[in-house]
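Beneath this line is the structure, given in structure tokens, with notes to follow.
Just so it is clear, none of the values below were taken in a lab; they were calculated from the coordinates. What you are looking at is a predicted structure, and each value in this text was computed from that prediction instead of being measured. Every residue, glycine as well, gets a Cβ built from its backbone with ideal geometry; the counts of neighbours run over all protein chains shown.
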Amino acid sequence: MNAVRVLLGVGGGIAAYKAADLVRRLRDHGAEVRVALTGNAARFVTPVTFQALSGEPVRTSLWDEAAEAAMGHIELARWATHVLIAPATADLIARLAHGHADDLLTTLALATQAPLTLAPAMNRVMWAHPATQANVALLQGRGVNFLGPDSGGQACGETGEGRMMEPAAIAQALLAGRHTTEPLLAGRRVLVTAGPTFEDLDPVRYLGNRSSGRMGFAIAEQARRLGAQVTLVAGPVNLPTPAGVARIDVRSAQQMHEAVFANIAGQHIYIGTAAVADFRPQQVATDKIKKEGDGGLTLELVQNPDILAQVAALPQRPFVVGFAAETTQVEGYARDKLLRKKLDLIAANRVGVEGCGFDAQRNALSVYWKDGGLEIPESGKPEVARRLLEIIAERLGASR
Ligand code: PMT
């Protein structure tokens with residue numbers, strides 16, 4: 001077996017403390033690890049820590065006379081079979097995107113021919129900033145690989161996307177070969193539905209549900225990053241449109257049905273992540289419904305079209321993926337839906353688990369197809385979306 005030699009670059013963010021654990025996780029996978037710290041990273045964690053964990057000398061500067069007597073940075077850049085930067089801060093990403101080489105780490109990134117992988121870590125607003133996203137897109141366009149970021153609680157006290165992926169998941173993804181950004185879905189057209197639907201009762205009231213749209217938006221964003229042409233039909237949510245994704249906003253299940261069927265021709269993959277209302281009021285009152293006397297109010301509801309089942313029944317159908325939100329007997333109910341609605345694949349999330357599923361940053365999925373299944377462990381929705389798309393790409397390959 002060929003030796004795996006990871007050059008781990010550590011950026012100057014609070015997540016630098018997790019990089020110490022990352023060294024151990026990489027070594028657990030049999031990798032040799034050498035570490036280069038930026039000056040700011042060395043303020044968070046000392047080089048001695050990394051030296052002890054890696055068993056190798058640690059570099060922090062281009063101006064190390066002993067190491068540079070033999071052009072140490074070039075030797076290090078040639079030594080690596082993988083260059084991994086974790087945490088990759090917003091500043092490091094910007095400097096890498098623009099080809100800077102004004103410190104050891106950016107110089108190594110330019111001098112190496114090994115694949116470069118970044119595990120970003122920063123405040124959620126910094127991550128979402130158009131400048132950061134443009135830098136990420138620039139790097140991805142040059143073949144740089146990204147792992148994460150994850151969603152969840154951040155060191156700054158905020159919650160959102162920008163947290164560094166857990167060291168074990170980074171090591172696993174890097175060394176299991178998932179560091180390559182071969183565009184798994186290049187040339188594929190993907191239609192995703194996301195969010196809730198609102199079924200109006202009168203001009204001020206509606207029947208809705210707690211879907212935030214995050215899962216569907218994460219799927220749309222990751223599918224785009226994997227090279228697909230993505231159309232996102234979104235219910236009423238408060239989320240920015242992922243870069244490069246065509247978005248169609250709708251409110252009700254009937255509008256979602258219309259938008260899906262106006263765009264379904266030519267799609268290769270349909271992913272129904274939306275929590276579509278099964279029923280709508282038979283009539284929408286033109287004026288606000290008034291309270292009359294002490295009595296209650298009986299609503300007459302009629303069924304909405306089942307968008308997923310209708311897509312699956314098309315003669316020229318795409319690869320159809322449904323979601324299921326179950327509280328009990330997850331596999332039984334999900335498999336029943338898979339067969340009944342004639343789906344290619346179903347992703348079941350256990351709702352009711354604290355911090356997961358509906359209106360949460362994280363999720364965990366049980367994925368089933370006719371003669372198999374796989375678990376996607378709990379993680380931020382972007383990482384869960386990425387895993388799901390990898391499974392879909394694999395199943396699509398197997399079924400066509
Ligand atoms: O939006 P988030 O806050 O991120 O939460 C994500 C989620 C929990 C909403 C999502 O992961 C999820 O599970 N979505 C499906 C929830 C749901 O409505 O499940 P269901 O069992 O009612 O529907 C099953 C499938 O049929 C779904 O793919 C749904 O899109 C589809 N459906 C349902 C009814 C209908 N009239 N038309 C449909 O297409």
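Here are the numbers:
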| quantity | calculated |
| --- | --- |
| GLN282 paired with VAL302, simple spin-label distance in nm, labels 7 Å along Cα-to-beta-carbon | 0.9 nm |
| Along the chain, longest interval not containing exposed GluC sites (Glu not before Pro), exposed being DSSP loop plus at most 12 other Cβ atoms within 10 Å | 1-157 |
| Span from the the range 204-279 Cα centroid across to the the range 9-88 one, whole angstrom | 42 Å |
| At most 16 other Cβ within 10 Å, DSSP loop - trypsin sites (Lys or Arg not before Pro), the range 169-232 | ARG205, ARG210 |
| Cubic angstrom per residue, convex hull over Cα atoms of the chain | 161 Å³ |
| Gain upon complete extension [PHE261, ASP200; 0.36 nm per residue less C-alpha separation] | 19.8 nm |
| Eligible lysines near LYS337 by straight Cα distance, threshold 17 Å, same-chain separation 8 or greater | LYS370 |
| Share of Cα-Cα pairs in the range 51-122 lying beyond 15 Å, as whole percent | 58 percent |
| Long-range HN-HN contacts of PHE319 with modeled amide H, under 5 Å | ILE269, TYR270 |
| Long-range HN-HN contacts of GLY357 with modeled amide H, under 5 Å | ARG362, ASN363, ALA364 |
| Three principal axis lengths of the range 296-400 [C-alpha, angstrom, descending] | 53, 39, 23 |
